[in-house]
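First up is the structure itself, then whatever we jot down about it.
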Amino acid sequence: MTNPESAPEMVAPTRAEAPDGPAATIRPAPPARPSAPPVARRLPRWSEVRELVQFRRPTADPVRRRLDSALTIGDLRSIAKRTTPRAVFDYVDGAADEGVTVARNRAAFQNVTFLPEALHAVGDPDLSTELMGRRITMPFVFAPTGYTRMMHHHGEAAVARVAQRNGLPYALSTVGTSSVEEVRDAAPEGDNWFQLYLTNRESLNNELVDRALAAGCTTVVLTIDTAVAGRRLPDVRNGLTMPPTLTARTFLDMSRFPYWWVNKLTTAPIEFASVRDFPGTSADVAALLFDPGLQYDDLAWLRRKWPHKLLVKGVLNPKDAERVMAMGADGVVVSNHGGRQLDRTPATLDMLPAVRAAVGPEATVLIDSGITHGQDIVAALALGADAVMAGRAYLYGLMAGGERGVERAVEILRAEYQRGLQLLGLNATSKIARHHVTSSGVPGWAPSAG
């Protein structure tokens, strides 16, 4: 029997053979972490809570409540959808045929990549720009829209007043529901433009141009992409066509909006105000305004007739842009009618650089179709535009809250545009350059010049 006192000393091995496997390492247990000291607690003072939690004062004004909650044009669109009959909302929101073009317009802006510059003072950026010899507060023009008083009874007059207050141009449509004289009276100090559909009636064309001149319009915008009306299926299904053929479903939906109905029934009738004295039905008027006979000779006539600035709207092809400029236009609006005419056309932003290259640096180039964010304005200017035009963006505001809603749309776009400039490292609209963006997603910018 072995004497335990004489047995060799036993030391715990650091490695041991597993019964059925290789040697395993035995690690010592980590030291215990000390427990955290107790946190001293106290009751907060009301002044401290008040700084953290800002309570809004309640308001009984439903329009103000709605607009205060709108932080984006998308928010205004959501509000408009809740406050406006479906047929009316679809008219504004809809697109031609399968909606391919309208999707391309938005995708083109969303695919833009910005390259910011660092360490520039941007505390008080100058958002203004010069457009056709006039200084405007930001590179934005209220686009012409038809049926505007259908969206809200305030109509075109409200949009013109907002434009005047904000130092921005407003273009009244030939198919607007207010006349050029009514817009002049609403905004006598505004930079009012007139969008023109030339018809096959020379007497009517002369009358429209003469009235725009007498009303003090500074610019005529000739639209050339409406040889025939685009097929917008939601309007057909809702019966919101020319002439209207409202369905029972449309009437039932409209009955859910008594505020809208009361305002329509107690204000002036909705009509094409610029041609209200033209004899015939609304279908007869539509047949005039969508004229498949429009040609370059008509542009030549208008250039001789109109003594002020002349823009041609609906240009996508650089060759068309070159030709209209050669015929005396002062500029072009790169436009696919917001995706509401010919479907499957290219996005306007994708065609903008080529159009700018075709007409040269001195021509005025505007762009519309797809602008819903202030950063879209930055992208458009970087790729060659002098300013943008937008219609849907402010119409969502109009439907959401009348004139105040249009004002809110401008506030949103201006704030987004200013923030975009500042985050790019720029302190003025004039500093936006091609090297600040790429639309391909592949880095390849030229270095900054200054």
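Summary of values
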{"item": "Scope the stretch 361-395; condition among the acidic types (Asp, Glu) and within 16 Å of ILE73 (Cα to Cα); matching residues", "result": "ASP368, ASP376"}
{"item": "Sole residue being on the phi > 0 side of the Ramachandran plot and either of a type in the set (Lys, Arg) or in contact (Cβ under 8 Å) with a residue 40 or more places away in the chain (or both), chosen from TYR91, TYR147", "result": "TYR147"}
{"item": "Elements of type helices (runs of 4 or more DSSP H) contained in the stretch 33-128, each with 2 or more residues being closer than 27 Å to ILE432 by Cβ", "result": "73-83, 100-110"}
{"item": "Subset tally (residues that are of a type in the set (Lys, Arg) and assigned to a helix (DSSP H, G or I)) for the stretch 225-277", "result": "3"}
{"item": "Selection from the stretch 76-90 of residues that are under 30 Å from LEU381 (Cβ atoms) and open to solvent by less than 40 Å² (accessible area, probe 1.4 Å)", "result": "LEU76, ILE79, ALA80"}
{"item": "Output for the stretch 35-63, where each listed residue is of a type in the set (A, V, I, L, M, F, W, C), under 30 Å from MET399 (Cα atoms) and surrounded by fewer than 10 Cβ atoms within 10 Å (Cβ to Cβ)", "result": "PHE55, ALA60"}
{"item": "Test set (1) closer than 23 Å to VAL333 by Cβ; (2) assigned to a helix (DSSP H, G or I) - ALA400 fails condition number", "result": "(1)"}
{"item": "Filter result for LEU316 (under 29 Å from the mean Cα position of the chain (by Cα) and at pLDDT below 85)", "result": "no"}
{"item": "Total residues in the stretch 152-178, condition under 18 Å from ALA80 (Cα atoms) and more than 17 Å from the chain's Cα centre (by Cα)", "result": "6"}
{"item": "Restricting the stretch 202-221 to residues that are assigned to a loop (DSSP other than H, G, I, E, B) and open to solvent by 20 Å² or more (accessible area, probe 1.4 Å), the residue that is farthest from ARG344 (Cα to Cα)", "result": "GLY216"}
{"item": "Qualifying residue in the stretch 103-112 (condition: within 16 Å of the chain's Cα centre (by Cα), among the charged types (D, E, K, R) and open to solvent by 100 Å² or more (accessible area, probe 1.4 Å))", "result": "yes"}
{"item": "Matching option when the condition is under 28 Å from ARG249 (Cβ atoms) and modelled with pLDDT under 95, among ALA80, ALA87, ALA60", "result": "ALA87"}
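Residue-by-condition table, conditions (1) polar (S, T, N, Q); (2) open to solvent by 60 Å² or more (accessible area, probe 1.4 Å):
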site	(1), (2)
THR223	yes, no
THR245	yes, yes
THR250	yes, no
MET254	no, no
TYR259	no, yes
VAL275	no, no
VAL285	no, no
GLY293	no, no
VAL312	no, no
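The values are calculated or read from the model by the stated rules, or taken from the named source; none is laboratory data. Please read all numbers here as calculations on a predicted model, not as lab measurements. A quick note on method: Cβ atoms are made from the backbone with ideal geometry, for glycine too, and the neighbour counts reach across all protein chains shown. These area figures cover heavy atoms from the full protein model, side chains too; ligands, DNA and RNA do not enter into them. Shrake-Rupley method; radii C 1.70, N 1.55, O 1.52, S 1.80 Å.
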